[in-house]
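Notes to accompany the following structure.
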Amino acid sequence: MDDLKTKKTIRDYLPTRRRLIQLYAALLHNANVKGYISGQIFTGNTKYLCVPGLNCYSCPGAVGACPLGALQNALASSGSRAPSYVLGILLLLGLTLGRTICGYLCPFGLIQELLHKIPTPKLKKNRVTHALSYLKYVILAVFVIAIPLWYAARHVPMPGFCKYICPAGTFEGAIGLLANPANEDKLSMLDILFTRKFIILAVVFAACVFIYRAFCRFLCPLGAIYGLFARVNLVGVKVQQDKCTRCGLCVGTCKMDIRRVGDHECIHCGACVDVCPTGAIALRAGKRPLREKKKPGDKPGAGRYIAWALALAVLLGALVYFNGPWSGEETASESAPTAAPVDESIPVGPEVGQRGPVFTAPIYGGGTFDLADTRGKVTVINFWATWCTPCVNELPHFEKLAQTYPDDVAVIAVHSDLVTDDVDGYLANFDYTIPFALDDSGVVAAYGGSTMLPQTIVLDRGGVVAYNKVGSVTYEVLEDLVKPLIGE
């Protein structure tokens with residue numbers, strides 16, 4: 001029997017072409033290596049672009065936006081503008097690649113496949129798994145579409161899937177950031193919601209060990225969206241019907257819950273290509289074959305090596321670009337406002353007991369806000385964003401504070417410039433009297449802010465920082481912070 005075993009070569013231990021593409025895609029999605037070192041989210045210009053796979057926007061290495069998160073935020077803002085940009089991107093990706101993205105380009109898909117390689121008994125597909133595969137369409141309808149639209153009617157951003165379910169966000173975003181020692185002070189922000197999402201993540205990861213791509217098959221709404229284009233997407237596995245013998249070997253070999261090659265559950269991984277006895281199946285881009293069944297004696301041509309050399313060059317170029325000073329990302333030292341020329345004995349900085357840097361910022365609706373003009377008052381600075389649910393929920397507290405102490409307290413709400421959305425359109429729905437500014441002069445960076453929102457800073461009458469923390473606040477907390485500073 002030993003003589004009948006095929007002797008393995010070094011090539012048998014090398015990653016397959018699909019695995020290399022998955023690794024390259026994961027690295028390109030998260031090319032901001034320095035983000036893992038600093039514990040900060042990349043804020044360069046490419047963050048406005050949607051990547052094809054499921055990859056959390058808040059991951060320290062992410063250089064683009066997750067299409068699923070972008071869709072939810074766009075729907076949450078649909079009361080003031082149509083989500084045409086995100087829908088157009090999803091339409092383009094669906095028509096061209098469809099669920100080929102799931103099989104080749106999705107970083108979270110790669111994580112699931114690596115987990116499945118852990119040696120344990122595996123659960124094969126059956127009628128139950130096929131029925132469960134439709135659950136992701138329910139999640140798409142409820143958490144990605146219905147919940148954001150429901151809250152949009154109330155002018156509250158609510159990315160339902162990201163907030164309550166997404167394991168990619170928990171693993172890449174929350175854990176990716178909080179695992180960095182630079183963010184240990186943010187651990188106090190964790191609440192029951194994080195605990196629930198962490199449990200979901202643990203269950204998903206455990207399921208992936210026993211079930212091939214469990215999240216992809218049963219829960220992923222992005223895969224559900226791409227699956228809608230199964231009949232029309234340009235790139236994918238195609239069957240030449242005149243060569244097909246209807247043997248069923250392709251469907252039986254596939255680990256996904258497909259009923260036929262290339263249907264809405266197919267991720268176009270190409271496993272069926274290798275087992276088809278007649279060579280009827282091929283991965284194609286239109287009519288051009290990208291992967292066909294190997295014939296005895298076939299050797300890779302020069303074009304294959306050229307393609308991999310170009311892919312490696314693109315990857316290295318991306319790593320160099322996103323980790324260099326030319327990435328388009330501002331730093332605190334480049335954008336910090338100048339210090340106030342008062343009481344030079346007190347150092348300038350965002351820490352409690354230091355002078356708060358002065359700044360001048362344009363106000364939505366016209367005019368400017370100059371922090372130097374608030375000297376003599378207690379000043380409350382709030383960092384917020386329209387897409388941040390805790391932020392918009394606490395805005396009325398700042399408005400009430402300004403109305404309650406008009407002679408002693410000045411309030412300014414500074415919108416993050418990470419993603420600006422339609423701030424004017426959002427504010428038009430309310431009667432706020434406090435000034436709202438855009439962070440185009442580096443106010444957030446100057447006060448030690450991060451991409452975690454909301455954040456509140458309180459300055460005493462002399463402009464010295466008395467409070468500076470990330471996290472939601474109530475009106476009672478604000479009043480307790482302000483009263484001692486105004487002498488009550």
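The values are calculated or read from the model by the stated rules, or taken from the named source; none is laboratory data. These numbers come from a predicted model, not from an experiment. We place every Cβ from the backbone using ideal geometry, glycine too, and count neighbours over all the protein chains shown.
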Residue under evaluation residue 39, criteria (1) at positive phi; (2) of a type outside the set (Ser, Thr, Tyr); (3) in contact with a His (Cβ under 7 Å, 6 or more places away or on another chain), criterion not met: (3)
Condition met for residue 50 (of a type in the set (A, V, I, L, M, F, W, C), under 14 Å from the mean Cα position of the chain (by Cα) and either closer than 27 Å to residue 149 by Cα or not assigned by TED's automatic domain parsing to the domain that holds residue 285 (or both)): yes
Checking residue 58 against (1) surrounded by 23 or more Cβ atoms within 10 Å (Cβ to Cβ); (2) outside any helix (DSSP H, G or I), the condition it does not meet: (1)
For residue 72: the one exception among (1) polar (S, T, N, Q); (2) in a helix (DSSP H, G or I); (3) closer than 19 Å to residue 210 by Cα: (3)
The lone exception for residue 380 - which of (1) without any contact (Cβ under 8 Å) to a residue 40 or more places away in the chain; (2) buried (at least 20 other Cβ atoms within 10 Å of the Cβ); (3) closer than 23 Å to residue 479 by Cα it fails: (1)
Close pairs from the stretch 124-140: first assigned by TED's automatic domain parsing to the domain that holds residue 260 and of a type in the set (Ser, Thr, Tyr), partner part of a loop (DSSP other than H, G, I, E, B) and modelled with pLDDT of 95 or more, Cβ under 6 Å, at least 6 apart: 129/257; 133/257; 133/265
Extreme residue, surrounded by the fewest Cβ atoms within 10 Å (Cβ to Cβ), among residues of the stretch 250-293 that are outside any loop (DSSP other than H, G, I, E, B) and basic (Lys, Arg): 288
Extreme residue, farthest from residue 467 (Cα to Cα), among residues of the stretch 376-397 that are among the polar types (S, T, N, Q) and assigned to a helix (DSSP H, G or I): 389
Pair list, Cβ under 7 Å, 6 or more apart: the stretch 228-241 residue assigned to a loop (DSSP other than H, G, I, E, B), other residue buried (at least 18 other Cβ atoms within 10 Å of the Cβ) and of a type in the set (Gly, Ala, Ser): 228/94; 229/94; 229/98; 230/98; 230/262; 233/94; 233/98; 240/280
Search result, residues across the stretch 19-33 that are surrounded by 16 or more Cβ atoms within 10 Å (Cβ to Cβ) and within 23 Å of residue 182 (Cβ to Cβ): 27, 29, 30, 31, 32
Lone qualifier among 215, 198 - being in contact (Cβ under 8 Å) with a residue 12 or more places away in the chain, aromatic (Phe, Trp, Tyr) and farther than 24 Å from residue 105 by Cα: 198
Residue 114 among the aliphatic types (A, V, I, L, M), within 17 Å of residue 229 (Cα to Cα), surrounded by fewer than 20 Cβ atoms within 10 Å (Cβ to Cβ) and without any contact (Cβ under 8 Å) to a residue 40 or more places away in the chain: no
Subset of the stretch 455-488 that is among the aliphatic types (A, V, I, L, M) and in contact with a Lys or Arg (Cβ under 9 Å, 6 or more places away or on another chain) - its residue that is surrounded by the fewest Cβ atoms within 10 Å (Cβ to Cβ): 486
Top-ranked residue of the stretch 434-461 - restricted to ones that are modelled with pLDDT of 90 or more and out of contact with any helix residue (DSSP H, G or I) (no Cβ under 9 Å at 6 or more places or on another chain), ranked as farthest from residue 59 (Cα to Cα): 435
